[in-house]
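The values are calculated or read from the model by the stated rules, or taken from the named source; none is laboratory data. As the structure is a prediction and not an experimental result, all values here were calculated from the model. Cβ coordinates were reconstructed from backbone atoms using ideal geometry, including for glycine residues, and neighbour counts include every protein chain displayed.
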Amino acid sequence: MSNDQVNGNAAYLSKSLFVRGVRCHKSLYLHKYRPELKDEVSEDTERGFEIGYEIGDLAHELFPGGVIVPYDGLSHEEQIEMTTSLIANGCRTIYEATFFYNGVFIKADILHHGDNGWDVYEAKSSTDVKDYHYYDTAVQYYVITGTGLPVSRAFVVYVNNQYVRQGEIEVDKLFYKEDITTIAKEKQTFIVEEIKRQRAMLKGDEPAINIGPQCEKFYPCDFIGHCWSHIPENSVFDIRGRFDARFDLYNNGIISMYDVPQKHLSEKQIIQVDAARTHGVHCDHNAIKEFVDSLWYPLYFLDFETFMQAIPPYDGTWPYQKIPFQYSLHYLEHKGDDLKHCEFLAMPRTDPRKVLIEKLLKEIPDNACVVVYHQGFEIVILQELALSFPEHAEKIEKIIQNIRDLIVPFRRYDIYHWEQCGSYSLKAVLPAMVPELTYEHLDVSDGGMAMDAYAAMNQSDDPDEIAKIRQSLLDYCKLDTLAMVKILERLQLKS
């Protein structure tokens, strides 16, 4: 069985293809026959892939001393032969063990011969077991046992987000191993029947499957752009907030948000629909004035940029912790004063937290009103800094107590502009409220890009490249706090 034979065979399935088909037969069909219709891979998706590879490699250390069956450089047949040979020669731990049975190709993250026989481990970068992980592992169980190799137990390995690093990474504490053998066995009948269904489907025409909740099942499908191309702007799917009737309305022919009976909508959703219909602005001047009056001087506008890693990088950190590496502060000491600015961006390859919090505490007075956008983010960062540096906990708590959230009037729909399209994120509010202020000219224009840029800066040895990235990060974070300043100015005019 060569790679060409596998890739050219419509009946061929792999673990990932099988799980795709479990979610939606149309998605599997399009992947096989119309892959050019896929959406462009997003930066978030690419980031997720990289984390998955990193976690998979580290999980191998749960059973050190094994042998890896490489994917690159070997045909599928050679990978299978290598796996078979390793087992025959007494190898007790195989990474990426490769099997093929009934037209289904799988690579098991870890195959380990324990006290009771062969165990299979599927490593995941998530912090719990997801529904589709059961299918991942169950189809591996089906293929491996189908080849005649008995499997004693099947596990999902996932990240323990309660693990706190102290010193070298303790792999056995970083990962949980959940035994799902019973579930994998229970799914075997389904696996057999679903393989038959998928094969039969692949022999026919494209399945006539309409859009539905399956498009987001497990994770967003990469054919959403194609399958949803007939949905117009301002559809029932653009109505924000809790709205369970979306697909019921769509399936009954109601696609435009303007046609949705108001009995289905909340007060905020009615505001969104009416504003979209008229290209209008909803404004509650009294509510805006109440918010503006709750602020005081000195007035500080704070924004953090953070990164997170599945494998905690420093002592005292844990998986997927948002670690601040940068902040921007615009501030007005008194009403009518000139706007001032200060900032911080960590040097490459250092733990940024201690220097960051010490500088921040020197720059924010105890009595300052601290304006943020979406306070849950900043408050959690500050609380975690207080845990890590208890000597500063009292001052940090004062800042937290003095935080006021600029998102409030937008989240309450005290003010709503039709161009927000139902969103009250900063990136949606800014062009509606302050259209002359834009991120379009920046090399870094959102938090994900900032995270990637900081990672690139840490990996670079080129002083010119580092300087360029630093300036891009400083420009981006500075604009975030300036955006808050300008939005507040517009709110003050409406109060």
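Enumerate the pairs (first residue in the range 349-360 and in contact (Cβ under 8 Å) with a residue 24 or more places away in the chain; second residue anywhere and crowded, with 20+ Cβ neighbours inside 10 Å and among the hydroxyl-bearing types (S, T, Y)) with beta-carbon separation below 7 Å, excluding pairs fewer than 6 apart on the same chain, so at least 6 apart or on different chains.
Note: pairs meeting the criteria are L356/Y327; L360/Y327.
Scan the range 247-293 for residues that are of a type in the set (K, R) and either more than 14 Å from N234 (Cα to Cα) or within 32 Å of the chain's Cα centre (by Cα) (or both) and jot them down.
Residues satisfying the conditions are K263, K268, K289.
Among the listed residues G21, G65, G73, G56, which satisfies the condition of being at pLDDT 95 or above and in a loop (DSSP other than H, G, I, E, B)?
Of G21, G65, G73, G56, the one residue that is at pLDDT 95 or above and in a loop (DSSP other than H, G, I, E, B) is G65.
Tell me which helices (runs of 4 or more DSSP H) are completely within the range 400-495 and hold 3 or more residues being closer than 19 Å to A287 by Cα and within 25 Å of the chain's Cα centre (by Cα), or say none if there are none.
Here the list reads 408-411.
Only one residue in L437, L442, L493 is surrounded by fewer than 17 Cβ atoms within 10 Å (Cβ to Cβ) and touching a Lys or Arg at 6+ places or on another chain (Cβ under 6 Å). Which one?
Of L437, L442, L493, the one residue that is surrounded by fewer than 17 Cβ atoms within 10 Å (Cβ to Cβ) and touching a Lys or Arg at 6+ places or on another chain (Cβ under 6 Å) is L437.
Among the residues of the range 213-246, how many are under 22 Å from the mean Cα position of the chain (by Cα), among the charged types (D, E, K, R) and either closer than 27 Å to R411 by Cα or at pLDDT 95 or above (or both)?
5
Under 7 Å between Cβ atoms, which residue pairs at least 6 apart in sequence (or on different chains) link something in the range 67-81 that is over 15 Å from I110 (Cβ atoms) with a partner that is among the β-branched types (V, I, T) and assigned to a loop (DSSP other than H, G, I, E, B)?
Q79/V69
Can we say Y142 is surrounded by 18 or more Cβ atoms within 10 Å (Cβ to Cβ) and within 30 Å of M308 (Cα to Cα)?
no
Identify all residues within the range 198-219 that are assigned to a loop (DSSP other than H, G, I, E, B) and within 21 Å of I255 (Cα to Cα); write none if there are none.
A208, I209, N210, I211, G212
Would you pick out the residues in the range 397-430 that are of a type in the set (S, T, Y) and surrounded by fewer than 16 Cβ atoms within 10 Å (Cβ to Cβ)?
S423, S425
Residues of the range 333-353 being touching a helix residue (DSSP H, G or I) at 6+ places or on another chain (Cβ under 8 Å) and of a type outside the set (G, A, S), which ones?
L339, H341, C342, E343, F344, L345, P348, R349, R353
Do you know which of the residues in the range 361-386 that are closer than 16 Å to L406 by Cα and free of Cβ contacts under 8 Å to residues at least 60 places away in the same chain is surrounded by the most Cβ atoms within 10 Å (Cβ to Cβ)?
Filtering first and then ranking leaves Q375.
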